[in-house]
Amino acid sequence: MKIEYEFKKQRELMVKALIREGVLKSKEVKRAFLTVPREEFVWPDMKSSAYYDTPLPLGATGQTISAPHMVAIMLEEMWLEEGMLVLEIGAGSGYSAALTAEIVNPTGFKDSGGQVVTIERVRSLIEFAKSNLEKTGYADRVKVVEGDGTLGYPEECEEEIYDRIVVTAAAPKTPIFLKKQLKRGGILLIPVGDLYIQRLMKLTKSEDGSFKSKHVCDCMFVPLIGCDGYQNS
Ligand code: SAH
């Protein structure tokens, strides 16, 4: 009980700091950050660092849970609304998927609210993300699937399915099936660049199917590995 209280305090302090830095702005994103317990998504031996504003390693997988300020920037840029269907590439711990679900489906009703589909290629992280989402009450709102997210979900489907698509790994370019699977009027966020530094790009699909793009900020993500990403070497 005491430990839970301390995490809640730390969560509130983190939110205050992110507001002060100007990255947390909207009431929906603030509420999501105050609600989702990051300590349940970090690797078990990292709990005491859960509220540091830094990426943390996910065990020995070589992958990381992104820094809270980066997740906040992405959530703010997505202009999420209740009821939306969101595709995330790179489930990792499941933390950013849970925050997204908290915004698109705050009540948690399975059939009436928004949904998040998150794809992960590392088998042990699929299990990790699923169990984290289960214990924090997001399993009904977030579907974790195994696969190569560079091909979208369903793989290589050419239909316009999603209101929002977010890639949480560094891509050499925007995968073609992600562009196809975004609805008109939708937003696609993706870090594009080399393996050291990327530009977080915000692509908006117009009604005529063309894209407008905007550079949000520079960032550093682990690589997006797959058919339409970096090769696994
Ligand atoms: N959103 C995560 C952080 C993700 S780190 C969180 O909140 O914890 C990036 C993740 O993308 C890693 O787990 C990595 O394994 C995964 N990844 C890389 N390439 C991928 C691909 N082609 N398809 C699905 N997942 C991929």
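The values are calculated or read from the model by the stated rules, or taken from the named source; none is laboratory data. A quick note: this is a predicted structure, and the numbers were derived from the prediction, not measured. Please note: Cβ atoms are built from the backbone with ideal geometry, for glycine as well, and neighbour counts cover all protein chains shown. These area figures cover heavy atoms from the full protein model, side chains too; ligands, DNA and RNA do not enter into them. Shrake-Rupley method; radii C 1.70, N 1.55, O 1.52, S 1.80 Å.
Worth a mention:
- Scanning the stretch 184-202 for residues being out of contact with any Gly (no Cβ under 6 Å at 6 or more places or on another chain) and open to solvent by 20 Å² or more (accessible area, probe 1.4 Å) gives a total of 9.
Table: residues versus (1) farther than 15 Å from W43 by Cα; (2) open to solvent by 20 Å² or more (accessible area, probe 1.4 Å); (3) touching a residue at least 40 places away in the same chain (Cβ under 8 Å); (4) of a type outside the set (V, I, T).
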{"residue": "E120", "(1), (2), (3), (4)": "yes, no, no, yes"}
{"residue": "R123", "(1), (2), (3), (4)": "yes, yes, no, yes"}
{"residue": "I126", "(1), (2), (3), (4)": "no, no, no, no"}
{"residue": "L133", "(1), (2), (3), (4)": "no, no, no, yes"}
{"residue": "G137", "(1), (2), (3), (4)": "yes, yes, no, yes"}
{"residue": "R141", "(1), (2), (3), (4)": "yes, yes, yes, yes"}
{"residue": "T150", "(1), (2), (3), (4)": "yes, no, yes, no"}
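Okay, residues lined up against (1) among the aliphatic types (A, V, I, L, M); (2) within 11 Å of the ligand (Cβ to nearest atom); (3) on the phi < 0 side of the Ramachandran plot:
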{"position": "A32", "(1), (2), (3)": "yes, no, yes"}
{"position": "D45", "(1), (2), (3)": "no, no, yes"}
{"position": "P57", "(1), (2), (3)": "no, yes, yes"}
{"position": "T61", "(1), (2), (3)": "no, yes, yes"}
{"position": "M74", "(1), (2), (3)": "yes, yes, yes"}
{"position": "W79", "(1), (2), (3)": "no, no, no"}
{"position": "A97", "(1), (2), (3)": "yes, yes, yes"}
{"position": "T100", "(1), (2), (3)": "no, yes, yes"}
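For (1) away from the ligand (no atom under 11 Å from the Cβ); (2) out of contact with any helix residue (DSSP H, G or I) (no Cβ under 9 Å at 6 or more places or on another chain), each residue gets a yes or a no:
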| position | (1), (2) |
| --- | --- |
| N105 | yes, yes |
| F109 | yes, yes |
| G113 | yes, no |
| T118 | no, no |
| I126 | no, yes |
| N132 | no, no |
| T136 | yes, no |
| G149 | no, no |
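One line per residue, one yes/no per condition, for (1) touching a Ser or Thr at 6+ places or on another chain (Cβ under 8 Å); (2) among the acidic types (D, E); (3) within 17 Å of G90 (Cα to Cα):
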| position | (1), (2), (3) |
| --- | --- |
| R141 | no, no, yes |
| L178 | yes, no, yes |
| V192 | yes, no, yes |
| T204 | yes, no, no |
| D208 | no, yes, no |
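- Residue check, K173 surrounded by fewer than 16 Cβ atoms within 10 Å (Cβ to Cβ) and not in a loop (DSSP other than H, G, I, E, B): no
- Restricting attention to the stretch 81-95, the residues that are of a type outside the set (S, T, N, Q) and either within 13 Å of the ligand (Cβ to nearest atom) or over 20 Å from Y162 (Cα atoms) (or both) total 9.
- Number of the exception - V29 against (1) touching an Asp or Glu at 6+ places or on another chain (Cβ under 7 Å); (2) part of a loop (DSSP other than H, G, I, E, B); (3) aliphatic (A, V, I, L, M): (2)
- Condition check for K9: surrounded by fewer than 19 Cβ atoms within 10 Å (Cβ to Cβ) and more than 21 Å from T107 (Cα to Cα): yes
Listed here are the residues, each with its yes/no results for (1) of a type in the set (F, W, Y); (2) over 13 Å from the mean Cα position of the chain (by Cα).
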residue: L34; (1), (2): no, yes
residue: Y51; (1), (2): yes, yes
residue: G90; (1), (2): no, no
residue: T100; (1), (2): no, no
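- Test: residue in the stretch 47-69 that is hydrophobic (A, V, I, L, M, F, W, C) and in a helix (DSSP H, G or I): no
- Cross-chain or 6+ apart pairs with Cβ under 6 Å, the stretch 174-188 first and touching a residue at least 12 places away in the same chain (Cβ under 8 Å), then among the small types (G, A, S) and buried (at least 20 other Cβ atoms within 10 Å of the Cβ): F177/G152; L178/G152; Q181/G152
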